[in-house]
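Here is the structure we will look at, set down as structure tokens.
The values are calculated or read from the model by the stated rules, or taken from the named source; none is laboratory data. As the structure is a prediction and not an experimental result, all values here were calculated from the model. Note that each Cβ is placed from the backbone with ideal geometry, even for glycine, and that neighbours are counted across all protein chains shown.
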Ligand code: ADP
Ligand code: MG
């Protein structure tokens, strides 16, 4: 479903004497349908940067990012923005580490939004969003409220609900349980397993070893980057 070939990314720090951080130095990874691949490596090894490249948020410097979309292959590293948006609408979901809460938009609508843009009717989308929030132990009195004032764990569960609700064939998860208590970590881990078992290709970063052991079929080792001049 997802494959990178010789993916490279570095950051040029203009404000710090033009120091260059070579973060991704030729990454070759492959994620198949029905498996959960965990990116594994120390903090700063480029896991989140790799995720952002896969989702098209960071532009890869060289290499390819091949995604199976609509029965054909799209190279995210070379695709036009419009094409990347199409991939995001129906093929690839991404749960970032933190919820970017939009002011005044109720939690229920934030969760239902990806279904709405995939063409699901409003009532149906909201019903499914509610069921998801319920499973994640977000009380219904919070559903009509904007999540800006929610606790870190509540915001993360809204974010996870939103990311897991639609049936994307590829899912990218950046530390989806980092702010959760044990009970909710278990709920999210079970949901991730269900996704993989339903045929989704899941690529995730799981700092919690227990969650990682519970969900990952395979680890992808990340090596520390290099600093150049
Ligand atoms: P991880 O998720 O494995 O902890 P990151 O991908 O967040 O690692 O970061 C890898 C390295 O790249 C770090 O040294 C970080 O400071 C650097 N980095 C990440 N994003 C940027 C950016 N937008 N600009 C400059 N440096 C960045
Ligand atoms: Mg990270």
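Residue 44 - would you say it is more than 12 Å from ligand 1 (Cβ to nearest atom), at positive phi and either touching a strand residue (DSSP E or B) at 6+ places or on another chain (Cβ under 8 Å) or in a loop (DSSP other than H, G, I, E, B) (or both)? Quick ask: steps written out before the conclusion?
Values: more than 12 Å from ligand 1 (Cβ to nearest atom): no; at positive phi: yes; either touching a strand residue (DSSP E or B) at 6+ places or on another chain (Cβ under 8 Å) or in a loop (DSSP other than H, G, I, E, B) (or both): yes.
When the stated conditions are applied, residue 44 does not pass them.
Got at least one residue in region 13-24 being assigned by TED's automatic domain parsing to the domain that holds residue 215, in a loop (DSSP other than H, G, I, E, B), modelled with pLDDT of 95 or more and closer than 29 Å to residue 208 by Cβ? No, region 13-24 contains no residue that is assigned by TED's automatic domain parsing to the domain that holds residue 215, in a loop (DSSP other than H, G, I, E, B), modelled with pLDDT of 95 or more and closer than 29 Å to residue 208 by Cβ. Looking at region 160-171, can you tell me whether even one residue there is surrounded by 22 or more Cβ atoms within 10 Å (Cβ to Cβ), without any contact (Cβ under 8 Å) to a residue 40 or more places away in the chain and in contact with a helix residue (DSSP H, G or I) (Cβ under 8 Å, 6 or more places away or on another chain)? There is no residue in region 160-171 that is surrounded by 22 or more Cβ atoms within 10 Å (Cβ to Cβ), without any contact (Cβ under 8 Å) to a residue 40 or more places away in the chain and in contact with a helix residue (DSSP H, G or I) (Cβ under 8 Å, 6 or more places away or on another chain). Note on region 31-63: residues that are more than 17 Å from residue 222 (Cβ to Cβ), out of contact with any helix residue (DSSP H, G or I) (no Cβ under 7 Å at 6 or more places or on another chain) and buried (at least 17 other Cβ atoms within 10 Å of the Cβ) amount to 0.
Could you list, in sequence order, the residues of region 196-221 that are touching a strand residue (DSSP E or B) at 6+ places or on another chain (Cβ under 6 Å) and not in a strand (DSSP E or B)? Correct list: 196, 200, 206, 212, 215, 216, 217.
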